[in-house]
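Enquirer: This structure is in structure tokens; I'll ask about it shortly.
The values are calculated or read from the model by the stated rules, or taken from the named source; none is laboratory data. Keep in mind that this is a model prediction, so the values were computed, not measured. Positions of Cβ are backbone-derived with ideal geometry, glycine not excepted, and every protein chain shown enters the neighbour counts. Just the protein is used for accessible areas: all its heavy atoms, side chains included, with ligands, DNA and RNA removed. Shrake-Rupley method; radii C 1.70, N 1.55, O 1.52, S 1.80 Å.
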Amino acid sequence: MTQTLLYVKANPKADSQSNTLTLANVFVQEYQKKNPESEIIVLDLYKEGIKPLDADTLTKMFSGERNKALDYANQFASADKYVIAAPMWNLGIPAILKAYFDYVSYVGVSFKYTPTGPIGLLADKPRKAVHISSRGGSYSEGAAKEFDLSDKYVRTILGFFGITQVESLFLENANVLQGDDLQKAIDQSHQAARNLAANF
């Protein structure tokens, strides 16, 4: 059975100018090499022109009328695996990615309400996700870890949908390291991407 990987890109830069997208592309290319039968859908949020939810879309979401948010939610729900590529901006995710998650947080598609609280609807089959991000500093450990609201949010919203197999892949200190030290960190992150993709 063919599996679908949804590659969500949340960076306005060209791939070659973005550490995040370069790293994500290494991952996706290795994944495709190991899984040639898999369908890969690339969703560039900036090219899509994703904007915050407006009154018209919200009205349609709650009335059951067809709308753009439902289309994105159905696409998200139909995937088996996810690559979320987004740099850390000001301790969080880019606003456009938050707007996208607002679209796919769709009652009856990605979650539902019950008398005991909301439950995710995407635990119906094994799903995997990886959050790929470059950061200017180091936020994976030490005192600065508590400031990382980006990975926490991605993991939390995916878990809310029922997706609990979530990996994180980071290039850290991208604005601190220079020259050979930066290149070494980039090379190490790319190798980590290949290793992770081989069994994703």
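Enquirer: Which entries in the list LYS81/LYS152; LYS33/LYS152; LYS34/LYS184; LYS33/LYS145; LYS81/LYS184; LYS60/LYS152 go over 23 Å, if you measure between the two C-alpha atoms of each?
Expert: LYS33/LYS152; LYS34/LYS184; LYS33/LYS145; LYS81/LYS184; LYS60/LYS152
Enquirer: Extending each Cα 7 Å along its Cβ direction at LYS98 and ASP180, get the distance between those two points in nm, one decimal.
Expert: 4.2
Enquirer: Starting from the amide H of TYR7, placed 1.01 Å from N in the peptide plane, find each other amide H under 5 Å away whose residue is 5 or more places distant or on another chain.
Expert: Those lying under 5 Å, H to H, from TYR7 are ILE41, VAL42, LEU43, VAL83.
Enquirer: Turning to a different aspect of this structure: Name the most mobile residue of GLU146, GLU39, GLU48, meaning the one with the largest mean-square fluctuation, in a Gaussian network model of the chain with Cα contacts below 10 Å.
Expert: GLU48
Enquirer: How much net charge surrounds ILE186 when only other residues with a Cβ under 15 Å from its Cβ are counted (Lys, Arg +1; Asp, Glu -1)?
Expert: Neighbour charge sum, excluding ILE186 itself: -2.
Enquirer: Under 12 Å from the Cβ of VAL154, count the other residues' Cβ atoms, weight Lys and Arg +1, Asp and Glu -1, and hand me the total.
Expert: It works out to a net charge of 0.
Enquirer: If you don't mind, there's one more thing I want to ask. Counting DSSP beta bridges with both partners in region 54-175, what percentage is antiparallel, nearest 5?
Expert: Given both bridge residues lie in region 54-175, the antiparallel proportion sits at roughly 20 percent.
Enquirer: Another one. Relative to the Cα centre, what is the charge dipole magnitude of region 132-200, using +1 at the beta carbon of each Lys and Arg, -1 at the beta carbon of each Asp and Glu, and rounding to the nearest 20 debye?
Expert: 200
Enquirer: Considering only protein heavy atoms, what per residue accessible area in square angstrom results for region 48-188 with a 1.4 angstrom probe?
Expert: For region 48-188, the solvent-accessible area averages 52 Å² per residue.
Enquirer: Using each residue's phi in region 118-126, evaluate 6.51 cos²θ - 1.76 cosθ + 1.60 at θ = phi - 60° and report the 3J(HN,Hα) Karplus result to the nearest Hz, with x for Gly and Pro.
Expert: x, 9, x, 9, 9, 9, 6, 8, x
Enquirer: Can you compute 3J(HN,Hα) from phi for each residue in region 150-167, using the Karplus curve 6.51 cos²θ - 1.76 cosθ + 1.60 with θ = phi - 60°, rounded to whole Hz and x for Gly and Pro?
Expert: 6, 5, 4, 5, 4, 5, 5, 5, 5, x, 4, 7, x, 9, 10, 8, 10, 9
Enquirer: Still on this structure, I have one more. For ALA198 and GLU167 in the same chain, what is the full-extension length gain: residue separation times 0.36 nm, less their Cα-Cα distance, in nm?
Expert: 9.8 nm
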